[in-house]
Amino acid sequence: MFDIHLDFDLLEKCNRCGACYDICPSCLNIDGYDPRAVIKDILNGNAGRWLTSVHIYQCLECHHCLEICYQNYGFENAMTAMRLRAARQGIHPPQVRRGWDMFVKTSRLGEPSLAARKKLGLPEPRESGKEEFLKLLEVYRMRRHGPSPCLRER
Amino acid sequence: MKEFAVFWGCTIQARFPFLEKSVRVVLKGMNLPFRDMDGFTCCPEKSLVNNIDHGLWLLTAARNISLVDKEAVDLVSPCTGCVSNLATAKGEILSNPRKEGEINSLLKEVGREFKGTSRLYHLVPFFHDEVGIQKIKQSIKRDFSGMRFAVHYGCHMMRPSHSLKNDDPLEPKKFDNLIRALGGESVEYSTKLMCCGQGLDRVDQHDRALQMARVKLRELKNTGVDAMALCCPSCFLQFDNNQHLMEKEGERFNVPVLYLTDLMGLAMGYTPQALGLDGHRVDTEPFLKKWKEISSRPSAAAAFSEGMKKEGSFI
């Protein structure tokens, strides 16, 4: 239900098209960046070789390919699916991992800077929904994977 | 106008509180019915959360939306990423009743319900469509006539269009219209819609992020603009902070970077200090100096009339 699934029929056409290469900022500016090489391997069952490659993180998720695609698909779908698959195997750029850890601990990706706010005359920041988020996260994890290790210990 | 909650997002509050200041000054100055709300979390960010757990990304966005649904207010954000994430998740949930059911059965555990009834706006289309060009023009004390701006839209202001539906995704116009409403010239340039590339910084590819920023900054240096105008904290990070880093290494582009509300606030008569412009890394002084100089000149029509008078034509 909450997973991302790839449509291989659309990917087949995607693999033969490449219309978005002329609008994709990474294709235009990063030497060697070639999403169709990844798609080709997904279609051939060799996707695994890309899981540790920086390539799959060079898609900027700008949605240009989606907007220009005559199938309304875009190769960003393939890149997102690859990143999710890599994540399942615990493979992330370190900064992604740090961001994720902070998110699941605090519900945010950074806390408001109180000193700077005071200096600027900004009001106190509002309460975040951290406590409720953490409860929701636990419920979500229970539904998806059963009790988490810390809950089982309890 | 319907009351709306401002969704500040993590980046603005954690890294750029002076941008929050600028937005607040303008919203207050225009007497718009905004409010702050308790309970928001990260939107959540796509590249760091959706790339690890799509379900949690959807659920967190749905919870944030349920807060404004409950209060029956709209949501407006000065962050393109937040609005794009929230709108994309909302679109995905509303298009799949089974998914909506599953999300709501989870939210019920914490007493929330996702309805998707509140409208989600980014600040640019909000000012353009809801506040309106006319009201913006009426609030101006000193316009930007004679000043040249490079508008940088930021990808997630209008993409993905299937969820945002707020401008043409490949040929947007609303930000340009706002710049014109403020009296400035929106310069056309070839990399105008190119992604800022800040996403590369978030995946440990800093050098490539700088390489991407250089492409646009080089073009703007050659085109000769007075400032870049944008309305996204991530793009701001890329073009202000990262430009400053390159300046320190001796690579100068001299492109001041201004938020939409910085420009609106200046035009409305607020001082640069009141808008938090001293928080910008790239020096905005050359921009302000030129604007002051141009504004103090008589208009072309006034100068022409004056000249004619001096020559005695009207006597």
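To keep it simple, each residue is scored yes or no on (1) in a helix (DSSP H, G or I); (2) within 11 Å of chain A (Cβ to nearest Cβ); (3) in contact (Cβ under 8 Å) with a residue 40 or more places away in the chain; (4) touching a Pro at 6+ places or on another chain (Cβ under 8 Å).
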{"residue": "B:Ala213", "(1), (2), (3), (4)": "yes, yes, no, no"}
{"residue": "B:Lys216", "(1), (2), (3), (4)": "yes, yes, yes, no"}
{"residue": "B:Phe236", "(1), (2), (3), (4)": "yes, no, yes, no"}
{"residue": "B:Leu245", "(1), (2), (3), (4)": "yes, no, no, no"}
{"residue": "B:Thr271", "(1), (2), (3), (4)": "no, no, no, no"}
{"residue": "B:Ala274", "(1), (2), (3), (4)": "no, yes, yes, no"}
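B:Gly29 meets each of the listed conditions (1) within 11 Å of chain A (Cβ to nearest Cβ); (2) over 23 Å from B:His156 (Cα atoms); (3) not hydroxyl-bearing (Ser, Thr, Tyr) apart from (1).
A:Leu137 satisfies every condition listed in (1) outside the structural domain of A:Ile56 (by TED's automatic domain parsing); (2) at pLDDT below 95; (3) hydrophobic (A, V, I, L, M, F, W, C) except (2). Scanning region A:94-127 for residues that are in a helix (DSSP H, G or I) and touching a Pro at 6+ places or on another chain (Cβ under 8 Å), we see that the one that is farthest from the other protein chains (Cβ to nearest Cβ) is A:Leu114. Candidates in region B:156-209 are the residues that are part of a helix (DSSP H, G or I), in contact (Cβ under 8 Å) with a residue 60 or more places away in the chain and among the hydrophobic types (A, V, I, L, M, F, W, C); of these, the one that is nearest to B:Cys79 (Cα to Cα) is B:Met157. When restricted to residues that are within 21 Å of A:Ser26 (Cβ to Cβ) and more than 11 Å from chain A (Cβ to nearest Cβ), region B:218-234 contains 5. The set of residues in region B:203-259 that are among the small types (Gly, Ala, Ser) and under 17 Å from the mean Cα position of the chain (by Cα) comprises B:Ala227, B:Ala229, B:Ser234. In this structure, is B:Pro17 within 11 Å of another protein chain (Cβ to nearest Cβ), closer than 28 Å to A:Val96 by Cα and touching a residue at least 12 places away in the same chain (Cβ under 8 Å)? So B:Pro17 fits the description; yes. Taking region B:26-56 only, how many residues are in contact with a Gly (Cβ under 7 Å, 6 or more places away or on another chain), over 19 Å from B:Lys2 (Cα atoms) and modelled with pLDDT of 95 or more? Of the residues in that region, 4 qualify.
Of all residues in region B:1-14, those that are touching a strand residue (DSSP E or B) at 6+ places or on another chain (Cβ under 7 Å) and more than 14 Å from chain A (Cβ to nearest Cβ) total 3.
With the condition kept exactly as written, say whether any residue in region B:49-72 is part of a loop (DSSP other than H, G, I, E, B), more than 21 Å from the chain's Cα centre (by Cα), within 12 Å of chain A (Cβ to nearest Cβ) and farther than 24 Å from B:Arg98 by Cα.
No, that holds for no residue.
Just checking, does region A:128-150 include any residue being surrounded by fewer than 18 Cβ atoms within 10 Å (Cβ to Cβ), without any contact (Cβ under 8 Å) to a residue 40 or more places away in the chain, at the interface with chain B (Cβ under 9 Å from one of its Cβ atoms) and closer than 30 Å to B:Gly276 by Cβ? Yes: region A:128-150 contains one or more residues that are surrounded by fewer than 18 Cβ atoms within 10 Å (Cβ to Cβ), without any contact (Cβ under 8 Å) to a residue 40 or more places away in the chain, at the interface with chain B (Cβ under 9 Å from one of its Cβ atoms) and closer than 30 Å to B:Gly276 by Cβ.
For region B:156-203, the tally of residues that are within 29 Å of B:Trp291 (Cα to Cα) and either out of contact with any helix residue (DSSP H, G or I) (no Cβ under 7 Å at 6 or more places or on another chain) or within 14 Å of chain A (Cβ to nearest Cβ) (or both) stands at 18.
Do the conditions hold for A:Ser53, that is, is it hydroxyl-bearing (Ser, Thr, Tyr), within 7 Å of another protein chain (Cβ to nearest Cβ) and under 24 Å from B:Gln198 (Cβ atoms)? Reasoning before the result, please.
Working: hydroxyl-bearing (Ser, Thr, Tyr): yes; within 7 Å of another protein chain (Cβ to nearest Cβ): no; under 24 Å from B:Gln198 (Cβ atoms): yes.
It is false that A:Ser53 is hydroxyl-bearing (Ser, Thr, Tyr), within 7 Å of another protein chain (Cβ to nearest Cβ) and under 24 Å from B:Gln198 (Cβ atoms).
Which helices (runs of 4 or more DSSP H) sit wholly inside region A:1-93 and have at least 2 residues that are touching a residue at least 60 places away in the same chain (Cβ under 8 Å), within 25 Å of B:Arg98 (Cα to Cα) and outside the structural domain of A:Arg141 (by TED's automatic domain parsing)?
Numbers: elements: A:8-17, A:25-29, A:35-43, A:64-68, A:76-88.
Ranges flagged: A:76-88.
Residues in region B:100-131 that are part of a loop (DSSP other than H, G, I, E, B) and either in contact with a Leu (Cβ under 8 Å, 6 or more places away or on another chain) or β-branched (Val, Ile, Thr) (or both) were compared, and the one that is surrounded by the most Cβ atoms within 10 Å (Cβ to Cβ) is B:Phe114. Can you tell me which of (1) free of Cβ contacts under 8 Å to residues at least 40 places away in the same chain; (2) buried (at least 20 other Cβ atoms within 10 Å of the Cβ) is the one B:Asp36 doesn't meet? The number of the failed condition is (2).
Residues to consider are A:Ala87, A:Ala19, A:Ala115; find the one that is surrounded by fewer than 16 Cβ atoms within 10 Å (Cβ to Cβ), among the small types (Gly, Ala, Ser) and within 29 Å of B:Ser95 (Cα to Cα).
Numbers: A:Ala87 fails: surrounded by fewer than 16 Cβ atoms within 10 Å (Cβ to Cβ); A:Ala115 fails: within 29 Å of B:Ser95 (Cα to Cα).
So the residue among A:Ala87, A:Ala19, A:Ala115 that is surrounded by fewer than 16 Cβ atoms within 10 Å (Cβ to Cβ), among the small types (Gly, Ala, Ser) and within 29 Å of B:Ser95 (Cα to Cα) is A:Ala19.
With the condition kept exactly as written, say whether any residue in region B:11-32 is more than 20 Å from the chain's Cα centre (by Cα), surrounded by fewer than 24 Cβ atoms within 10 Å (Cβ to Cβ) and in a loop (DSSP other than H, G, I, E, B).
Start the filter on region B:11-32 by keeping residues that are more than 20 Å from the chain's Cα centre (by Cα), which leaves none.
No, that holds for no residue.
Against the numbered list (1) surrounded by 19 or more Cβ atoms within 10 Å (Cβ to Cβ); (2) in contact with a Gly (Cβ under 8 Å, 6 or more places away or on another chain), A:Cys69 comes up short only at (2).
Selection over region B:96-127 of residues that are without any contact (Cβ under 8 Å) to a residue 24 or more places away in the chain, at negative phi, small (Gly, Ala, Ser) and touching a helix residue (DSSP H, G or I) at 6+ places or on another chain (Cβ under 9 Å) gives a count of 1. Answer yes or no: is there a residue in region B:72-95 that is within 18 Å of A:Arg141 (Cα to Cα) and crowded, with 24+ Cβ neighbours inside 10 Å. The answer is no, given that none of the residues of region B:72-95 is within 18 Å of A:Arg141 (Cα to Cα) and crowded, with 24+ Cβ neighbours inside 10 Å.
The values are calculated or read from the model by the stated rules, or taken from the named source; none is laboratory data. Keep in mind the model is a prediction, meaning the values are calculated, not measured. FYI the Cβ positions are ideal-geometry reconstructions off the backbone, even for glycines, and counts take in every protein chain you see.
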